[in-house]
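Report on the structure given below.
The values are calculated or read from the model by the stated rules, or taken from the named source; none is laboratory data. From a predicted model like this one, the values you see are computed outputs, not experimental measurements. Counting neighbours? That spans all protein chains shown, and the Cβs are built from the backbone with ideal geometry, glycine included. Areas reflect the complete protein model, heavy atoms only, side chains present, ligands, DNA and RNA absent. Shrake-Rupley method; radii C 1.70, N 1.55, O 1.52, S 1.80 Å.
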Amino acid sequence: MTATRLPVLLLAGAFAVLPAAAGIKYVNKSGDDATADGTPAHPFLSIQAALDAAASGDEIRVGVGTYNECPVMAINDLTLVSEESIQSGTNTSTIIDATGACAPGDLGGVSLSHLSELRGFTVRGASVSGVYGFGSVRITNNLIRNNSADLGAGVYLYAFPDYPASVSTYVEDNTIDSNTASTEGGGVWVYTQAVSGQSRSYRIEGNTIRNNSASLRGGGILAFSSTGIGGTAAIRITRNTIQGNGTQTAGATYYAGGGGVYASTFGYGTETIEIDNNTISTNDSADIGGGAMAWAQALGDAQHTLDVHDNAFSGNTSVYDGGGADIRLRAVDLSFGNAPSMQVEVAGNTFTGNSTHDPQYFGGGGLLASVETYRTTRTQFGFRLRSNQFVGNTAPVAAGLSMYVVADDENPQVANEFSPTEAAIDSSNNLVANNVAQDPGGGTFGGGLAAFLTAVGDATAHADVDLATVGGNTADLTGGIEISPFTDVGATSGVEGLAEFTLTDSIVASNVGIGVGGPGGANLTTDFAYNDVFGNSGGNFENTLIDPTGTQGNVSVEPDLDIDYFPSECSPTIDAGDPAADYSMEPEPNGQRINMGDLGGTTLAVPALADVDGDAAVDGVDVLRIATSFGTTNGQVGFLDAADLDRNGVVDGDDLSYVAADFGHRCP
């Protein structure tokens with residue numbers, strides 16, 4: 001006779017509808033596991049004994065002391081919390097010490113399964129990760145230090161494909177310190193895996209992650225997403241202090257690095273990685289990406305987003321590329337005519353005092369930004385650099401910012417397949433200042449930024465720099481902007497690639513070395529419009545490029561910038577950008593025209609001097625002009641166009657207020 005499982009399923013369903021009430025079980029150093037019932041009067045002595053006696057939904061409260069246990073396993077919706085955390089919010093006196101207690105194969109000092117929580121402990125001495133988390137877990141306000149593992153020495157997080165459709169995990173307000181991974185993820189290791197219909201969300205927020213190390217990748221954090229078709233994964237790393245972490249492997253693999261953070265998408269589904277509002281400092285990589293290494297790599301019809309914004313990268317170092325950060329997009333159309341959709345944005349970050357050391361690579365003391373595409377059109381991806389500051393970084397080449405753009409019309413996996421291809425980086429409103437390209441061998445270039453443009457076959461590599469301020473940078477050759485093209489003939493298409501570079505609405509001034517330079521080339525196209533290139537010690541344009549000064553709105557005049565590269569109200573760069581560009585965000589009076597430089601088109605743009613009569617001074621005559629036309633509208637008798645400073649069609653109190661604010665100001 002075959003037994004049926006139907007009654008068991010029904011019974012399980014009944015329990016799901018009517019769960020048991022959550023209880024509290026107590027643990028302290030005066031307890032006795034043999035007689036304990038978990039009440040305050042009869043607590044457990046060991047944490048694991050209390051967990052074994054707990055029911056789903058229970059809370060285990062642990063008194064101060066050192067508990068030499070391994071592993072401590074919280075299975076299925078249990079909360080493990082220290083009494084000191086409840087009473088004072090601290091975590092240093094309730095210690096789970098796995099030293100000498102772990103048997104071969106044990107998973108972590110603490111192992112949390114789905115819906116469990118760990119709060120308010122010091123976890124130390126584990127040889128296979130301090131804390132393991134499977135499924136939806138919460139790890140809050142712990143000190144996790146001096147643990148080791150192959151992967152995820154401090155914290156290891158993973159959700160198996162057979163976990164529930166939705167998984168959400170939080171690592172919040174912990175100190176994760178001095179953990180060592182022999183491969184990846186010294187502090188935290190996250191791997192999201194989602195198949196069709198599943199979603200995975202991981203949030204790492206408000207932690208101090210310091211002095212951790214990994215041999216290969218992710219000294220502080222490694223976060224990796226990999227989805228199948230129809231799967232969704234999201235990782236957010238926010239408001240953390242990531243400091244003094246490092247990786248040790250140099251040159252062993254193309255994917256080594258990420259001293260502070262290594263993060264990457266790689267799959268067929270919808271994947272998002274957001275790295276925002278972190279302080280990332282004094283991390284080191286023996287390969288690339290001293291502060292962070294963040295890559296977007298999509299397959300098939302994948303939809304991938306990588307967003308790195310409002311972080312402070314400072315004092316990070318790498319041997320090769322990306323001292324502050326190495327951020328890349330790689331798109332390969334593996335199925336011929338079926339390219340992924342990918343978006344990468346790097347916005348609002350500061351990169352200060354970062355460095356790289358090896359002159360044979362592409363530099364990027366502050367940032368290396370890279371786009372690498374194969375048989376992919378520009379409409380299928382985007383890489384934007386917006387409103388960042390690159391100040392005081394060093395590298396042998398491209399000391400502030402390196403843009404590495406590669407387009408190849410062939411599939412690297414399949415011979416004799418080719419398709420028109422584009423690769424591009426769009427840069428706007430970035431400040432690149434006081435960076436130094438230095439190397440004992442000399443011949444340095446790209447003191448401010450460099451664009452390396454590689455195009456093979458029926459392909460175009462493009463870099464667009466708009467609204468930049470590039471000033472006070474230093475190199476032996478090109479101190480400001482280096483344009484370095486490489487084009488070649490495709491093996492199958494027989495067509496040679498094209499390199500394109502545009503510079504618009506920008507200020508390139510007072511750099512040591514050439515302002516804008518590079519080797520030129522027959523297959524390089526440059527477009528310069530509405531720029532002020534002035535006062536560069538080696539000349540404003542290298543003789544391999546055509547000097548555009550006097551054409552297309554290009555000028556060479558003193559931009560009148562202060563020590564922080566803000567233009568004065570008398571700067572000739574105000575209201576001098578492209579007349580067709582959007583000026584609507586600039587404060588009034590904005591002259592209905594965008595300013596040049598990194599503040600152009602933003603709310604921080606410097607307004608023009610409220611000079612009605614055009615004599616470069618705001619005085620009583622300007623007040624009189626406002627007064628005589630006050631209240632008139634455009635088209636009426638007595639309307640004075642110059643008095644309508646905000647160009648709204650009426651001379652009114654706003655125009656008078658602009659004159660009052662600037663009264664007595666005079667331009668030389």
Segment 220-347: C-alpha pair distances exceeding 18 Å, %: 50 percent
Cα gyration tensor of segment 268-321 - equivalent ellipsoid semi-axes, whole Å, descending: 25, 15, 5
Calculated from backbone phi, Karplus (6.51, -1.76, 1.60) coupling profile of segment 217-229 in Hz, x at Gly/Pro: 9, x, x, x, 9, 10, 10, 9, 10, 8, 10, x, 4
Cα centroid separation - segment 23-66 against segment 484-557, whole Å: 71 Å
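Keeping every protein chain in place, order 175, 192 by accessible area at 1.4 Å, biggest value first, i.e. largest first.
175, 192
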Heavy-atom accessible area per residue - segment 573-668, 1.4 Å, Å²: 47 Å²
For q = 0.06, 0.07, 0.09 Å⁻¹, Debye-computed log10 I/I(0) when each Cα of the chain counts as one equal scatterer: -0.44, -0.57, -0.83
Peptides ranked, highest mean first, by Cβ atoms within 10 Å: ranges 219-227, 558-566, 379-387: 219-227, 379-387, 558-566
Estimated Rh, segment 532-657: Kirkwood, alpha-carbon pairs, angstrom: 16.2 Å
Percent of Cα-Cα distances greater than 14 Å, calculated over segment 88-132: 49 percent
Per-residue ³J(HN,Hα) for segment 361-368, Karplus 6.51 cos²θ - 1.76 cosθ + 1.60, θ = phi - 60°, Hz, x for Gly and Pro: 10, 9, x, x, x, x, 8, 9
Residues of segment 249-358: accessible area per residue with a 1.4 Å probe, Å²: 26 Å²
Heavy atoms of residue 571: accessible area, 1.4 Å probe, square angstrom to 10: 10 Å²
Sulfur and carbon atoms: percent of accessible area, the chain [1.4 Å]: 54 percent
P(r) of segment 314-445 over all Cα-Cα pairs, binned every 10 Å from zero, in whole percent: 14, 38, 27, 17, 3
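Beta carbons within 10 angstrom, averaged per residue: use that to sort the peptides 657-665, 495-503, 50-58, highest first.
The densest-packed peptide leads the list: 495-503, 50-58, 657-665.
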Using a Förster distance of 22 Å, the FRET efficiency for residue 162-residue 196 (Cβ separation, nearest 0.05): 0.95
Whole-Hz ³J(HN,Hα) from phi, Karplus 6.51 cos²θ - 1.76 cosθ + 1.60, for segment 203-211, glycine and proline x: 10, 10, 9, x, 8, 9, 10, 9, 6
Residue 514 long-range amide H proximity, modeled H, under 5 Å: 478, 479, 480, 538
Binned Cα-Cα distance frequencies in segment 170-233 - 10 Å width, integer %: 24, 40, 28, 9
The chain - charge dipole about Cα centre, Lys and Arg +1 at Cβ, Asp and Glu -1, debye rounded to 20: 2760 debye
Value of Rg to Rh for segment 12-149 (Rh from inverse mean 1/r over Cα pairs, i.e. Kirkwood): 0.97
Cα-Cα separations in segment 73-212 greater than 27 Å, expressed as whole percent: 13 percent
Peptides ranked, highest mean first, by Cβ atoms within 10 Å: ranges 133-140, 442-449, 38-45: 442-449, 133-140, 38-45
For segment 619-668, projected area of the alpha-carbon convex hull averaged over all directions, nm²: 3.4 nm²
